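A quick write-up on the structure given underneath.
The values are calculated or read from the model by the stated rules, or taken from the named source; none is laboratory data. The structure presented is a predicted model; accordingly, all values stated were derived computationally and were not measured. Virtual Cβ from ideal backbone geometry, glycine too; neighbours counted across all protein chains shown.
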Amino acid sequence: MKSLSILETEDLTYTYSAGTPFEKTAVDHVNLSIEKNAMIGVIGHTGSGKSTLMQHFNGLLRPTSGKVLLDGQDIWADKKRLRDVRFRVGLVFQYPEYQLFEETVYKDISFGPKNMGLSDAQIKERVLETAEMIGLSEELLKRSPFALSGGQKRRAAIAGVMAMRPEILILDEPCAGLDPKGRDKLLRRICEYQKKTQSTVLLVSHSMEDVAEYTQKLLVMNKSKLFCYDDTAAVFRRTEELSAMGLRIPQIAGVMHTLRQKGYALPEDIYTVEQARDAILTLLRKGGAAAC
Amino acid sequence: MLKDITLGQYFPVESVLHRMDPRFKIIEIMLFIVILFAGDSFWILALGTVFVLLAQCLSNIPMKMIWKSIKPILPILALTALLNLLFIDDGDVLFQWKILKITQGGITTSLFMMIRIVLLIIGSSLLTYTTSPILLTDAIESLMSPLKKIKFPVHEMAMMMSIALRFIPTLLEETDKIMSAQKARGATLDNGKLIDRVKALIPIMIPLFVSAFRRAEELATAMECRCYRGGEGRTRLRRLKAQARDYIGFVVCMLFLAASVTINILVK
């Protein structure tokens, strides 16, 4: 398994305002190994250190102690290479639309690729391809980013990072403030992007339903420490521990849990509505009239 | 890194100086500045030092913070000292090289100026360390209220000041965030030629302006929703009220002023 990992951390620790009365350890001895080509959810209570951890992955924050390894190399070993690290590990902040600044959407999306030193032709190819993947029409590319709707702005900003084709894409709550329809659409597009580019996508989210539906693995942070990093199903089996840290399992998983306790022979590891529907229908068909 | 700016940074600890009426503190600091600038003998500086030390003792502000307030002005201090040293031609010549010469008078003046500036900075930062910005604007509003008679918009000025102060930390935080976001897209902010550096500011400044305007609009709407209509008939949560310690402080300051006048007369 080791050969498949792309990003690792070794005893990663970060302390805010070290040496002052406001000292706070936000990330505490985290050891992780993140694999290539995966969709990973990052969950944790507010203030659990998720965002701080994410900012270490692309070298925006320097660890107080410990290391971040990209392809086995310490990203802080050579400061000049740090910029390349940022192209390989793309980070989309919360509310990324506030970073738009160019005259047109096209120019804004090409800011990253331009900084990478790509040729105009390459930039054009990337921008158009990314815009298509994220669902921005060519018409919109010519407009000013400030003239777009909220959802379009969000997509334009995410496209700005995607266009760099990072090997790892980190999205910090990409759906915050979007309506339910917009959320689903955006997440589906991110999922498609991941499959198409075979990259690793880290999705920070507060919605258990979202991570249940779209991710294969979950990284759970609790009080600055890594609680676990495991398959989504395995994480949701730890119902009690999750609720003890202020998280919960997806609602539908709760319903299934209760049904099982009431004696219905439903399988474990069901945490999306579709799976639940299929399982219940199968059970009903098997049981026939007796179950009803 | 942006958070290191201490200008007007309130240091919340418990002390006599913190509890004093901000209006008195402002008047007293003005008296202090008059004392410093009205005399030109070292005795005045000694008096000023005593004043600052006394205030520091009463303020509970650690020496480290005082040093932090002086640090940013060290380059200016060095420059003033250097200019005085080189260009004042007064008294015995101690050193000469071509047209450059250092005189006795130059050394004394540059020393005098340095100490004067340091005292000034410490004095005024003691005011801002011990008074929260909101109290400070309240005090300014109250001190300037006589100007209302000549239709000067005192309340509006004070409101603008407190809003500006209120948003400094918010905007700093925002700048930090935008900088991180653009760095994540490969923006380089701290190297290259001057023209490149100026260009590199565009991706920071535009989002910052946009968000500042957005915040301003939101705040204006929020204020209107709560029927804000200026200072007329508005009551306060914190009323400024002078107490015994404020009068004592004022008397002490007057004593310092008297001492400085005496020194000035005697030295002449």
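In segment A:20-78, of all residues being of a type in the set (A, V, I, L, M, F, W, C) and within 14 Å of chain B (Cβ to nearest Cβ), the one that is surrounded by the fewest Cβ atoms within 10 Å (Cβ to Cβ) corresponds to A:PHE22. Do we find a residue being at pLDDT below 85 and under 30 Å from A:LYS107 (Cβ atoms) anywhere in segment B:169-176? Taking every residue of segment B:169-176 in turn, none turns out to be at pLDDT below 85 and under 30 Å from A:LYS107 (Cβ atoms).
When segment A:58-81 is examined, which residues are found to be over 19 Å from A:ALA18 (Cα atoms) and touching a helix residue (DSSP H, G or I) at 6+ places or on another chain (Cβ under 9 Å)? A:ASN58, A:VAL68, A:LEU70, A:ASP71, A:GLN73, A:ILE75, A:TRP76 - these are the residues of segment A:58-81 that are over 19 Å from A:ALA18 (Cα atoms) and touching a helix residue (DSSP H, G or I) at 6+ places or on another chain (Cβ under 9 Å). Looking only at residues in segment B:190-223 that are more than 29 Å from the chain's Cα centre (by Cα) and outside any helix (DSSP H, G or I), the one that is surrounded by the most Cβ atoms within 10 Å (Cβ to Cβ) is B:GLY192. Within segment A:110-148, being within 14 Å of chain B (Cβ to nearest Cβ) and among the β-branched types (Val, Ile, Thr) holds for A:ILE123, A:VAL127, A:THR130. A count restricted to segment A:175-207 and to residues that are without any contact (Cβ under 8 Å) to a residue 60 or more places away in the chain and of a type in the set (Gly, Ala, Ser) stands at 2. Each residue in segment A:87-110 was checked for being assigned to a helix (DSSP H, G or I) and in contact with a helix residue (DSSP H, G or I) (Cβ under 6 Å, 6 or more places away or on another chain), and 8 pass. Consider B:ILE66 carefully, then state whether it is assigned to a helix (DSSP H, G or I) and surrounded by 13 or more Cβ atoms within 10 Å (Cβ to Cβ). Taking the combined requirement at face value, the residue satisfies it.
With respect to A:VAL220, is the statement that it is among the β-branched types (Val, Ile, Thr), more than 22 Å from A:ASP108 (Cβ to Cβ), touching a Gly at 6+ places or on another chain (Cβ under 7 Å) and not in a loop (DSSP other than H, G, I, E, B) true? Judged against the criteria, A:VAL220 is a match. Whenever a residue of segment A:213-232 is touching a residue at least 40 places away in the same chain (Cβ under 8 Å), its partners that are surrounded by 21 or more Cβ atoms within 10 Å (Cβ to Cβ) and assigned to a loop (DSSP other than H, G, I, E, B), lying with C-beta atoms within less than 6 angstrom and at least six residues away or across chains, give the pairs A:MET221/A:SER48; A:MET221/A:GLY49; A:ASN222/A:SER48; A:SER224/A:GLY49; A:THR232/A:THR215.
Note on segment B:175-189: among residues that are surrounded by fewer than 19 Cβ atoms within 10 Å (Cβ to Cβ) and charged (D, E, K, R), the one that is nearest to the other protein chains (Cβ to nearest Cβ) is B:LYS177.
Residues that are buried (at least 22 other Cβ atoms within 10 Å of the Cβ) and closer than 21 Å to A:GLN152 by Cβ within segment A:184-200 comprise A:LEU187, A:ILE190, listed in sequence order.
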